[in-house]
Amino acid sequence: MKNRRKEIYAANWKMNLDSGDIRGFMERIVPYAGTVDAEVMIFPPAVYLSSVAEQAAGSPIGVGAQNMFWERNGAYTGEISALMIKDCGAGYVLCGHSERRHFFGESAEMVTRKAGAAQDEGLIPMICVGETLEEREQGETLEVLHKDIYCSLSDVKPDKRVIIAYEPVWAIGTGLTATPEDAETAIAYIRDQVRELWGDLADAIRILYGGSVKPGNIAELMACPNIDGALVGGASLHADSFIDIIQNGVNR
Ligand code: PGA
C-alpha cells in the first residue's frame with residue numbers, strides 16, 4: 001500500500017534563519033532534491049517565501065507558508081492570504097501547527113477554515129494534529145485525534161493531495177520522539193478516521209510524523225507501513241542534517 005504513496009520530507013524552519021543562511025541551504029538542497037525519489041518541501045518564514053521559491057525554481061522542491069488567514073485580502077494587519085502565498089510562487093501551507101494552536105490560540109474551527117480557503121486558491125494544505133502530554137497520560141490520544149481530524153477536515157474538500165502531519169505536542173522540540181510503534185498506531189488511526197470521512201481516498205493521503213525527527217531516528221519511523229514522511233523542525237535548519245534525514249529515510 002505504502003509504495004503507492006510518494007514520501008515527503010518537509011523542513012519547517014519556524015522563526016529561524018536569515019537570507020544568508022537560506023542561500024547556503026538552498027545551494028545544497030537544490031541539486032540534491034532532484035536525485036532522490038521523494039518529495040522535498042521547505043516551509044520558510046513568510047518574508048522569505050518569494051526568495052526560497054525563486055531559488056527552488058526548476059527543481060522539484062515544494063515551497064510552502066507556515067500559516068495564513070482565510071480571507072483573500074482586507075484590513076487584517078499582520079496577516080497573509082493564500083492568494084499572496086501563491087503569488088510568491090509557493091504551493092503549500094501548514095495549517096494548525098501546534099505552535100499556532102498553543103501560542104496563538106488557533107482552534108480547530110480556524111484551522112479547517114484556513115485549510116479550506118487554501119484549497120480554494122489552489123494551495124495544498126498540510127494539516128497538523130497531535131495530542132499534548134497531559135492528554136497522552138490521561139489515555140486520551142485517540143479521542144483527541146478523532147476530534148482533531150473530524151473538525152480540522154470539516155471545511156476541507158476531499159483531495160488526495162491534502163497532507164496530514166501527526167505531531168505529538170510533547171515530542172516537538174523536546175528531543176523526545178514517539179516510539180515508531182506509538183507513531184504508527186496514531187497514524188494508522190488517523191488514516192482510519194480519514195477513511196470514515198473520505199472513503200478509499202484515505203489510502204492515497206500522505207500522513208507524516210513530526211516531533212524531534214533526526215538523522216538517527218528517521219529510518220525506524222519510515223519503516224512503519226502508515227508513516228509516509230516527516231515534518232522536521234530543529235534538524236531541518238542545517239542542510240547537512242536535513243539531507244541526512246532524507247537519505248536515511250529513503251535508504252532505510
Ligand atoms: P522539531 O519540530 O523537529 O524541532 O521537534 C517539528 C515541528 O514542529 O514541525
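The values are calculated or read from the model by the stated rules, or taken from the named source; none is laboratory data. Predicted model, so just to flag it, every value in this text is computed and none were measured. Glycine gets a Cβ as well: all are built from the backbone with ideal geometry, and neighbour counts include every protein chain shown. The area values use the complete protein model at the heavy-atom level, side chains included, leaving out ligands, DNA and RNA. Shrake-Rupley method; radii C 1.70, N 1.55, O 1.52, S 1.80 Å.
Divide the volume of the convex hull around the Cα atoms of the chain by the residue count and you get 113 Å³ per residue. Pairs of Lys residues in the chain that lie 8 or more places apart, or on two chains, and have C-alpha atoms under 18 angstrom apart add up to 8. Using a simple spin-label model with pseudo-atoms 7 Å out from Cα toward Cβ, Ser50 and Thr179 lie 5.0 nm apart. Each of Arg72 and Asp21 was given a label point 7 Å from its Cα along the Cα-to-Cβ line. The distance between the two points is 3.6 nm.
Structure remark: mean-square fluctuation, Gaussian network model of the chain, C-alpha springs under 10 Å; the largest value among Gly139, Gly78, Gly24 belongs to Gly78.
Residues whose amide H comes within less than 5 Å of that of Gly62, counting only those at least five positions distant or on another chain, are Val40, Met41, Ile42 (H built at 1.01 Å from N in the peptide plane).
Per residue, how much accessible area does region 2-250 show when a 1.4 Å probe rolls over the protein heavy atoms, in square angstrom?
Here the residues of region 2-250 average 43 Å² of exposed surface.
For region 178-192, the Karplus equation 6.51 cos²θ - 1.76 cosθ + 1.60, evaluated at θ = phi - 60°, returns couplings of 4, 5, x, 5, 5, 5, 5, 4, 5, 6, 5, 5, 4, 4, 4 Hz by residue, with Gly and Pro reported as x. Calculated FRET efficiency, Glu109 and Ser241, Cβ-Cβ r, R0 25 Å, to nearest 0.05? Calculated value: 0.10.
Packing around the peptides 244-250, 13-19, 190-196, taken as the average count of other Cβ atoms within 10 Å per residue, puts them in this order, highest first: 244-250, 190-196, 13-19.
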